[in-house]
């Protein structure tokens with residue numbers, strides 16, 4: 001039982017890391033441009049599809065993922081230039097509608113180019129096995145890679161935002177845009193770069209999940225809502241909040257799905273538990289969100305500058 | 001605008017029955033769906049247009065209303081759950097309204113504590129919560145959906161007759177429009193609009209905006225749940241897919257496309273939406289692409305929606321100032337309270 005719990009905790013950590021990669025991009029675009037991007041999940045999907053195609057074309061997952069990175073960034077950059085740029089001054093409702101339109105477009109273009117079927121991504125032998133972490137506990141190597149990559153990206157993002165000149169501009173842009181542009185910073189370029197960075201982060205998440213689930217149309221639309229739950233609980237616009245909330249949600253969702261029926265069986269008849277547990281575990285993170293909001297409407301770690 | 005609305009309602013009253021009697025049953029189907037979705041859109045407009053509350057989870061009510069028909073019929077046919085098993089339409093209607101009201105009250109009480117983006121995302125998340133809950137209910141088909149074997153039974157009206165069903169839907173639309181018209185001109189409605197335009201002032205004169213918003217939110221949810229009840233009876237096949245968040249986006253698009261804050265705006269929006277959807281999907285299976293592009297274009301260029309463009313055509317505008325004036329009256333399509341804080345946007 002203990003080793004199962006441990007493995008589920010690792011699975012939860014892995015889901016949390018993925019959610020963090022997604023919510024980091026949303027947090028950046030919201031924190032700095034005050035922009036709500038429903039189409040964020042589309043970059044997650046694009047990352048997965050780019051990686052899948054390139055892996056199949058080059059025969060190497062590493063090369064595929066490496067080449068997919070700049071492609072996703074370019075996709076983000078182009079979308080920002082074509083559509084997003086014109087929306088910054090509009091209100092949130094219009095952001096939501098326009099990016100909803102973007103989702104329809106990107107999903108259909110993906111369908112046109114890659115066809116309706118999902119694409120499975122083959123892994124190199126090194127990553128495809130399992131590792132015995134310690135006596136009696138084995139865990140898939142690739143999931144460990146996801147956790148490792150996520151931690152490296154989180155650290156890199158922390159260093160970028162807090163200890164570089166670009167990061168300083170990002171933080172300054174978040175607290176006072178007018179002042180930053182008055183000081184001679186090209187705010188348009190900064191916005192484009194930040195949007196492309198956010199898209200790339202989502203793309204990385206897509207590349208990491210593609211070998212497990214395969215790249216499929218609409219994969220982004222399911223996870224985007226969970227990502228929203230993460231940033232609502234964390235406090236919208238707060239990177240620290242996004243990180244902690246992502247781990248929390250990852251854990252709770254995974255643990256709920258694996259152990260809730262056992263827990264319910266203690267409380268009620270096993271037949272009732274088997275009906276109720278899936279429904280409740282599917283709703284668990286939303287219930288958590290409702291509780292957090294009822295106590296703290298601004299989220300757990302709201303950014304201080306807003 | 002008023003005359004246009006009357007003409008629109010007359011068209012909706014005459015065209016579908018004539019199409020049906022002359023043997024074009026397909027158009028009857030299309031219009032029934034249109035009218036039901038128009039009811040949902042009008043309900044959303046009550047809080048979105050008049051209340052400034054951008055709810056992105058209204059498809060959940062459609063689903064709740066539809067399952068309020070589906071589940072009792074399922075149990076009446078296959079046994080179990082005697083307390084709700086019934087073919088009686090009044091039972092279905094009662095459940096639909098009660099469930100939507102309770103759901104709206106609980107989620108509204110929580111989500112209305114927040115503003116702006118948080119509110120959009122939270123309503124979305126709650127909608128998705130119901131979606132996943134229904135998906136996980138294997139008894140009622142889960143992902144695969146549920147077929148409604150018998151339509152709701154009412155004394156004196158047979159819903160299996162498409163003409164009668166359309167009559168019920170159309171009558172409901174007219175009633176709901178009248179209701180929203182009365183609400184928006186009542187003291188309650190004016191308070192709601194005041195809270196949208198300037199919450200601080202409303203608070204300063206002693207109005208508790210939260211209670212007004214919550215009431216409006218519940219009314220809107222109940223009407224939408226009623227639309228779901230009609231939808232369930234119309235399609236006779238229901239699945240969680242009808243309450244996916246993208247469906248909520250479509251209802252919202254109808255409201256904005258037609259023009260929020262215009263009484264008949266959502267009806268125009270639903271009409272254009274359904275007809276476009278039909279025409280484009282006839283041309284190509286990839287109809288989502290032109291549809292998405294049109295959506296983006298309408299956001300970028302068509303402010304105030306079609307109703308706004310009709311009542312104040314671009315070629316009639318003398319100068320920018322009059323266009324601006326019309327913008328402020330229609331800018332309600334969103335978080336109007338945000339305006340003063342957005343001065344730093346001029347970058």
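Read-outs throughout are calculated quantities, based only on the coordinates presented, and are distinct from any laboratory measurement. This structure is a prediction, so every number in the text was calculated from the model and none was measured. A quick note on method: Cβ atoms are made from the backbone with ideal geometry, for glycine too, and the neighbour counts reach across all protein chains shown.
Some values worked out for this structure:
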| item | result |
| --- | --- |
| Average silhouette area of the stretch A:20-92, convex hull of alpha-carbon atoms, in square nanometres | 5.1 |
| Mean ellipticity per residue at 222 nm, deg cm²/dmol - from DSSP H runs of n ≥ 4 across chain B, formula -39500 (n - 2.57) | -23000 deg cm²/dmol |
| The stretch B:228-279 versus the stretch A:1-42: alpha-carbon centroid distance in Å | 31 |
| Percent breakdown of C-alpha pair distances by 5 Å bin, ordered from the shortest bin, for the stretch A:177-283 | 2, 10, 12, 15, 16, 14, 11, 7, 5, 3, 2, 2, 1, 0 |
| Principal axis dimensions, largest first and in whole angstrom, of the protein assembly as shown by Cα | 73, 67, 54 |
| Percent of Cα-Cα distances greater than 27 Å, calculated over the stretch B:2-345 | 46 |
| Partner chain coverage, peptide B:285-292 - average Cβ within 10 angstrom | 6 |
| In degrees, nearest ten, helix B:288-301 long axis to first principal axis of chain B (Cα) | 30 |
| Relative contact order of the stretch B:2-345, pairs being alpha-carbon contacts under 8 Å that are 6 or more residues apart, as % | 30 |
| Highest-fluctuation residue, B:180, B:272, B:15 considered, GNM on chain B with Cα pairs under 10 Å | B:15 |
| Rounded to 10°, Cα long-axis angle of helix B:116-135 versus longest principal axis of chain B | 10 |
| Protection proxy ranking, peptides A:286-295, A:71-80, B:217-226, average beta carbon neighbours within 10 Å, highest first | B:217-226, A:71-80, A:286-295 |
| Sum of -39500 (n - 2.57) over DSSP H runs of 4+, divided by residues of chain A (222 nm, nearest 500) | -26500 deg cm²/dmol |
| Residue with peak Gaussian network fluctuation, chain A [Cα springs, cutoff 10 Å], from A:269, A:23, A:181 | A:269 |
| Approximate shape of the stretch A:122-239 as ellipsoid semi-axes (Cα gyration tensor, √5λ), whole Å, largest first | 35, 17, 14 |
| Taking chain A and dividing mean pair separation by its residue count, relative contact order in percent (alpha carbons under 8 Å, at least six apart) | 34 |
| Chain A: Cα Rg divided by the 2.2 N^0.38 Å rule of thumb | 1.03 |
| Distance cut-off 27 Å, percentage of C-alpha pairs in the stretch B:163-303 lying past it | 34 |
| Partner chain coverage, peptide A:57-67 - average Cβ within 10 angstrom | 0 |
| Distance from the stretch A:184-243 to the stretch B:24-83 (C-alpha centre basis), Å | 32 |
| Mean Cα-pair separation over length for the stretch A:79-172, i.e. relative contact order, pairs under 8 Å, 6 or more apart, % | 10 |
| Nearest 10 degrees, 0 to 90: helix A:92-114 Cα axis against chain A principal axis | 70 |
| The stretch B:167-200-the stretch B:107-155 distance, computed between alpha-carbon centres (Å) | 24 |
